[in-house]
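Take a look at the following structure, please.
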Amino acid sequence: NAAQVVRTTHYKNTLPWSDDGWRILPSDNYMVYSEAMRKARERFEEAVEEFVQEYPRLVKLAATRLGSMYNRNEYPRAEDVVHKFGTDLQFGPVPISEDIRVHLPEAVRRKIAKDVKARMQSAIEIAMQEAWDRLGGIVDELRGKLEDGKFLRESFIGKVQGVAEAMGRMNITQDPKLETTRKQVLKHLATLDAKNMRKDDKARSTALDKADEILEKMKAAGYYNPAE
């Protein structure tokens, strides 16, 4: 549904950041995120409008179905229903450990700064791990399709390409290893011809070997460790 599309779009274009639900939006991905969210929110608003227009009919239908159990007071007016739906985007700066503007003893401020820095480092590590997991996950999924001889669609190859390209924008630490790996995915896996994979066993085997090679390097380095 439209609400789920908004949530999925938001999560797809951001990385985890804090325990209270905030996500980090890499600056390189801001334009892509903004455009994707604009379209998702427009579709959400259209869905709300469609529902509000349909609402009076649905209320009448409820009266017919519920019979004596129907209570009109349980249903808000159509003009009030529209205000029960909405989306809101909030942006905030990433805190830096040096920006501690409080009147406290120097030793206390240093401790606060140290704690903030530690939390930020932990958040960055979690965010980067998700980037690796997304890249490894899509390669793993492709590998499974190649190995099992499953029907491979062009749309899935496009998905592989999309994830690999997105990780270039989501690389918040500019990790050269992530950059190298995603480029390997783009070069060797995102260019596969799905139709050819379905009829050429040798080409399929070569692609499978390359996917295995990329995954093994990721696993050996500890960047991708899927749950068994």
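State the number of residues belonging to the stretch 41-64 that are over 22 Å from the mean Cα position of the chain (by Cα), more than 18 Å from residue 80 (Cβ to Cβ) and touching a residue at least 12 places away in the same chain (Cβ under 8 Å).
1
Also: Can you name the residue in the stretch 19-33 that is surrounded by fewer than 13 Cβ atoms within 10 Å (Cβ to Cβ) and not aliphatic (A, V, I, L, M) and, of all such residues, is farthest from residue 179 (Cα to Cα)? Quick ask: steps written out before the conclusion?
Step one: of the stretch 19-33, the residues surrounded by fewer than 13 Cβ atoms within 10 Å (Cβ to Cβ) are 19-21, 27, 31.
Checking the rest, the ones that are also not aliphatic (A, V, I, L, M) come to 19-21, 27.
Numbers: 19: 27, 20: 29, 21: 27, 27: 16 Å.
For the stretch 19-33, the residue satisfying everything is 20.
Can you report the number of residues in the stretch 18-40 which are free of Cβ contacts under 8 Å to residues at least 40 places away in the same chain, part of a helix (DSSP H, G or I) and either over 25 Å from residue 118 (Cα atoms) or touching a Pro at 6+ places or on another chain (Cβ under 8 Å) (or both)?
9
Here's a follow-up. Would you check which residues across the stretch 108-163 are outside any helix (DSSP H, G or I) and either touching a residue at least 60 places away in the same chain (Cβ under 8 Å) or under 18 Å from the mean Cα position of the chain (by Cα) (or both) and list them?
none
So which of 92, 86, 67 ends up being touching a residue at least 40 places away in the same chain (Cβ under 8 Å) and surrounded by fewer than 11 Cβ atoms within 10 Å (Cβ to Cβ)? Walk me through it before giving the result.
Working: 86 fails: touching a residue at least 40 places away in the same chain (Cβ under 8 Å); 67 fails: touching a residue at least 40 places away in the same chain (Cβ under 8 Å).
Only one candidate passes the filter, namely 92.
Got at least one residue in the stretch 47-62 being surrounded by 13 or more Cβ atoms within 10 Å (Cβ to Cβ) and either in contact with a His (Cβ under 6 Å, 6 or more places away or on another chain) or of a type in the set (D, E, K, R) (or both)?
No, the conditions are met nowhere in the stretch 47-62.
Say whether the condition of being small (Gly, Ala, Ser) and touching a helix residue (DSSP H, G or I) at 6+ places or on another chain (Cβ under 8 Å) is met by at least one residue in the stretch 22-34. First the steps, then the outcome.
Residues of the stretch 22-34 small (Gly, Ala, Ser): 27, 34.
Still in the running and touching a helix residue (DSSP H, G or I) at 6+ places or on another chain (Cβ under 8 Å): none.
For the stretch 22-34, residues small (Gly, Ala, Ser) and touching a helix residue (DSSP H, G or I) at 6+ places or on another chain (Cβ under 8 Å): absent.
Return the only residue of 63, 78 being in contact with a Phe, Trp or Tyr (Cβ under 7 Å, 6 or more places away or on another chain) and at pLDDT below 90.
Numbers: 63 fails: at pLDDT below 90.
Result of the check over 63, 78: 78.
The values are calculated or read from the model by the stated rules, or taken from the named source; none is laboratory data. Note that the coordinates shown come from a computational prediction; the quantities given were computed from them, not determined experimentally. Please note: Cβ atoms are built from the backbone with ideal geometry, for glycine as well, and neighbour counts cover all protein chains shown.
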